[in-house]
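The values are calculated or read from the model by the stated rules, or taken from the named source; none is laboratory data. Computed from a predicted model, the values in this text were never measured in an experiment. Here the Cβ positions follow ideal geometry from the backbone for every residue, glycine too, while neighbour counts run over all protein chains shown.
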Amino acid sequence: MRNSRVINSPSVVGLFSGCGGLDLGFKRAGYQTIWANDIDPDACETYKKNVGEKIITGDIWQLLNKVPKADIVIGGPPCQAFSLVGKRLENDPRGRLVFAFSEIIERLNPRVFVMENVPGLAASEIDGKRLTQVLAKKFMRAGYEVKICKLTATDFFVPQKRSRIVMLGFRPKKSYKHQFLTQLEFSSVLGDKDLSAPVSAHEALDDLPPPSLEKFVELRSYKKMPHSPYARLMRQTSNGKVSLQVMPTMSDKDKEFVRHIKPGGNYMDIPNSVSTPRILKFKKSGGRTTTYGRLHPNRPAYTINTFFNRPNVGANYHYSEERLITPREALRLQSFHDSFEVVYRSQRSLHMQIGNAVPPLMARAIAESIKGYFKN
């Protein structure tokens, strides 16, 4: 295993931090966050509860002059403008936020930066040029060596088929060549060499308690002892109980559909006699294979999005129970430890914070991979 010690805990500024998935990965790798920002008040309160107090709520364009210098700048600018299922509009204000990130890099001149986004970032264009290349050229002109990586969360023990583009920038250093830890090295860093990838939905969820029917029951005891290395990892900081294991609201139609869908199946399993016109259209045209999908116990989940409380936007049905997944199960599939608490004023806020987050295990893998830059 490589020496993972960081010299003098490099300082980190977190941008577009949300509830803190990316920042949490860096914190657990031993870095020191000195300043962070997000525009969502609920996400900032969640961040304070789980990551640290040094987060400012507000529009980043109004805070450009307040961002302090740091060794590393990390962030995931809101990605909806670049989603592969959305429009790629140059004038979308959410899209322009990637340029707020680049402006801060040019202003602060950190030693390293990490920018995370959806794969659609690489497919987006401005004036006929790939957005990733436009950004990379800006960073190279500012003096950085740039590396663009497409990462899959399952490679880092996250039980979820989530793909992300990560752009890494380094001030030139002849003695340093970036590379990610092997899975064996990463499992050693995490303290459990029994971890292996991919982690299945069953390995991720089977020890959690049955969902409560009461919306206000906060804590529930585990159903059984940790049944997998991943469950052990998620329970490391737990006090024996978990929050947010609450039965999701389901319509009569939702309940009818799941009775017909086999584990790993989707809308194709729903009989025409009970299908909606939308489902019949999907059956005729094909595609959207995760729509009305059901988890398979022996495979990772598909991407957990901000609508995991609905069956028609992703594979969100539980594999062995006729219901949708709970917020705690979504957090598990995102690799948040069971002690992670979410502050929210609405169910929509809860689901958005979880679905928009960078999986902390993937974030930690990124953080561990750049430690060598700060040695000696």
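Have a look at 290, 306 and point out the one that is within 25 Å of residue 358 (Cβ to Cβ) and out of contact with any strand residue (DSSP E or B) (no Cβ under 8 Å at 6 or more places or on another chain).
None of the other options fit; the residue is 306.
Looking at 222, 230, can you tell me which residue is out of contact with any His (no Cβ under 9 Å at 6 or more places or on another chain), buried (at least 20 other Cβ atoms within 10 Å of the Cβ), in the same structural domain as residue 296 (by TED's automatic domain parsing) and of a type outside the set (A, V, I, L, M)?
From the options 222, 230, the qualifying one is 230.
Look at segment 109-142 and say how many of its residues are over 21 Å from the mean Cα position of the chain (by Cα) and assigned to a helix (DSSP H, G or I).
10
Considering each of 255, 281, 215 in turn, give the residue that is without any contact (Cβ under 8 Å) to a residue 24 or more places away in the chain, out of contact with any His (no Cβ under 7 Å at 6 or more places or on another chain) and surrounded by fewer than 18 Cβ atoms within 10 Å (Cβ to Cβ).
On the way: 255 fails: without any contact (Cβ under 8 Å) to a residue 24 or more places away in the chain; 215 fails: without any contact (Cβ under 8 Å) to a residue 24 or more places away in the chain.
That would be 281, the only listed residue that is without any contact (Cβ under 8 Å) to a residue 24 or more places away in the chain, out of contact with any His (no Cβ under 7 Å at 6 or more places or on another chain) and surrounded by fewer than 18 Cβ atoms within 10 Å (Cβ to Cβ).
Name the one entry in 169, 128, 143, 76 that is over 23 Å from residue 61 (Cβ atoms), at pLDDT 85 or above and of a type in the set (Gly, Ala, Ser).
143
Take the residues in segment 110-126 that are surrounded by fewer than 20 Cβ atoms within 10 Å (Cβ to Cβ) and touching an Asp or Glu at 6+ places or on another chain (Cβ under 8 Å), then tell me which one is nearest to residue 169 (Cα to Cα). Outline the logic, then answer.
Step one: of segment 110-126, the residues surrounded by fewer than 20 Cβ atoms within 10 Å (Cβ to Cβ) are 111, 119-120, 122-123, 125-126.
From the residues that got through so far, the ones that are touching an Asp or Glu at 6+ places or on another chain (Cβ under 8 Å) too are 111, 126.
On the way: 111: 8, 126: 21 Å.
My answer is 111.
Can you find, within segment 143-176, the residue that is surrounded by the most Cβ atoms within 10 Å (Cβ to Cβ) among those that are assigned to a loop (DSSP other than H, G, I, E, B), of a type outside the set (Gly, Ala, Ser) and more than 25 Å from the chain's Cα centre (by Cα)?
Residues of segment 143-176 assigned to a loop (DSSP other than H, G, I, E, B): 143-144, 157-159, 162, 171-176.
Of the ones still in play, those that are also of a type outside the set (Gly, Ala, Ser) are 144, 157-159, 162, 171-174, 176.
Keeping just the survivors that are more than 25 Å from the chain's Cα centre (by Cα) gives 144, 171-174, 176.
Working: 144: 23, 171: 15, 172: 8, 173: 13, 174: 5, 176: 16.
Within segment 143-176, the match that is surrounded by the most Cβ atoms within 10 Å (Cβ to Cβ) is 144.
Identify the residue in segment 162-183 that is among the aliphatic types (A, V, I, L, M) and either in contact (Cβ under 8 Å) with a residue 60 or more places away in the chain or in the same structural domain as residue 290 (by TED's automatic domain parsing) (or both) and, among all such residues, is farthest from residue 298 (Cα to Cα).
Of everything passing the filter in segment 162-183, 168 is farthest from residue 298 (Cα to Cα).
Would you confirm whether any residue within segment 190-212 is over 23 Å from residue 301 (Cα atoms) and modelled with pLDDT of 95 or more? Working first, answer last.
Initially, segment 190-212 is screened for residues over 23 Å from residue 301 (Cα atoms), giving 191.
Next, from what is left, pick out any that are modelled with pLDDT of 95 or more: 191.
Looking through segment 190-212, at least one residue is over 23 Å from residue 301 (Cα atoms) and modelled with pLDDT of 95 or more.
Within segment 189-212, work out how many residues are outside any loop (DSSP other than H, G, I, E, B), more than 17 Å from the chain's Cα centre (by Cα) and of a type in the set (Gly, Ala, Ser).
Qualifying residue count, segment 189-212: 1.
Can you name every residue in segment 166-217 that is under 22 Å from residue 372 (Cβ atoms) and β-branched (Val, Ile, Thr)?
Once the filter is applied, which keeps residues that are under 22 Å from residue 372 (Cβ atoms) and β-branched (Val, Ile, Thr), segment 166-217 yields 166, 182, 189.
Please give the number of the condition residue 23 fails out of (1) in contact with a helix residue (DSSP H, G or I) (Cβ under 6 Å, 6 or more places away or on another chain); (2) assigned to a helix (DSSP H, G or I); (3) under 17 Å from residue 68 (Cβ atoms).
With respect to (1) in contact with a helix residue (DSSP H, G or I) (Cβ under 6 Å, 6 or more places away or on another chain); (2) assigned to a helix (DSSP H, G or I); (3) under 17 Å from residue 68 (Cβ atoms), residue 23 is out only on (1).
Inspect segment 336-343 for any residue being under 25 Å from residue 189 (Cα atoms), in contact with a Pro (Cβ under 8 Å, 6 or more places away or on another chain) and of a type in the set (Phe, Trp, Tyr) and give the result as yes or no.
Among the residues of segment 336-343, at least one is under 25 Å from residue 189 (Cα atoms), in contact with a Pro (Cβ under 8 Å, 6 or more places away or on another chain) and of a type in the set (Phe, Trp, Tyr), which makes the answer yes.
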